[in-house]
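None of the figures in this text is laboratory data; all of them are computed from the coordinates on show. Keep in mind that this is a model prediction, so the values were computed, not measured. Positions of Cβ are backbone-derived with ideal geometry, glycine not excepted, and every protein chain shown enters the neighbour counts.
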Amino acid sequence: MNRMSGFTMIELMTVVVIVAILTVVGVPTFQYVTSSNRISTEINSLLGDLQYARTEAVKEGSTVTVCMRNTAGTGCNTSGTAWNNGWIVFSDTNGDGAVNAGEIILRAAPAFTSSDTFTADNSFTTLTFNREGFALTGLTGNVTITLTEPTNNPQWKRCLAITPIGALSTQKHGTGNC
């Protein structure tokens, strides 16, 4: 007797059903991981640059400023509150919060490639650290920069809180001022 080898139709359909179930379960998890990673990267990027600015101010013994960047990426944008368009860190020798001739841009962050928004309250556009690492912006209260993704899902909302002395912290939705 010659016996033919291969898969039966029932075996093939069973494998197709198992693959479909794994896909239905796996795709939302993958979307969660990619969104979570993107949002963490975006908020930690600004937090890292603010911490870098404070460290450089103390290390160099001069003022260092972080501001929203203009469209050319070579100066500060003082209108609006959209930090998702990028920011720059520069040595601000005269402490005026603007990039002047001879002042060195230490870091420049590009605009977000996603549709996420990163908006500050209180018309906050610039943070300057003095040589002791304290904020010189004259804030009268805490400032919150809120990161929101396009669907406005609270699960993805993150905030960067800045105190009047320049202390920095990140928060998830539902904690602190977020």
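For this structure, a couple of remarks:
- Selection of the range 131-152 for residues being in a loop (DSSP other than H, G, I, E, B) and over 16 Å from the mean Cα position of the chain (by Cα) yields Arg131, Glu132, Gly133, Phe134, Leu136, Thr137, Gly138, Leu139, Thr140, Gly141, Asn142, Thr151.
- Residue match in the range 83-92 (condition: free of Cβ contacts under 8 Å to residues at least 40 places away in the same chain, more than 26 Å from Asn152 (Cβ to Cβ) and of a type outside the set (A, V, I, L, M, F, W, C)): yes
- Output for the range 102-130, where each listed residue is among the aromatic types (Phe, Trp, Tyr) and either without any contact (Cβ under 8 Å) to a residue 24 or more places away in the chain or in a loop (DSSP other than H, G, I, E, B) (or both): Phe112, Phe124
- Test: residue in the range 7-27 that is without any contact (Cβ under 8 Å) to a residue 60 or more places away in the chain and part of a loop (DSSP other than H, G, I, E, B): yes
- Check on Ala72, surrounded by fewer than 20 Cβ atoms within 10 Å (Cβ to Cβ), farther than 14 Å from Gly133 by Cβ, without any contact (Cβ under 8 Å) to a residue 12 or more places away in the chain and aliphatic (A, V, I, L, M): yes
- When residues of the range 46-70 are limited to those that are in contact with a helix residue (DSSP H, G or I) (Cβ under 8 Å, 6 or more places away or on another chain) and not in a strand (DSSP E or B), the one farthest from Thr170 (Cα to Cα): Thr63
- Matching residues in the range 110-127 - criterion: being of a type outside the set (Ser, Thr, Tyr) and in contact with a Ser or Thr (Cβ under 6 Å, 6 or more places away or on another chain): Ala120, Asp121, Leu127
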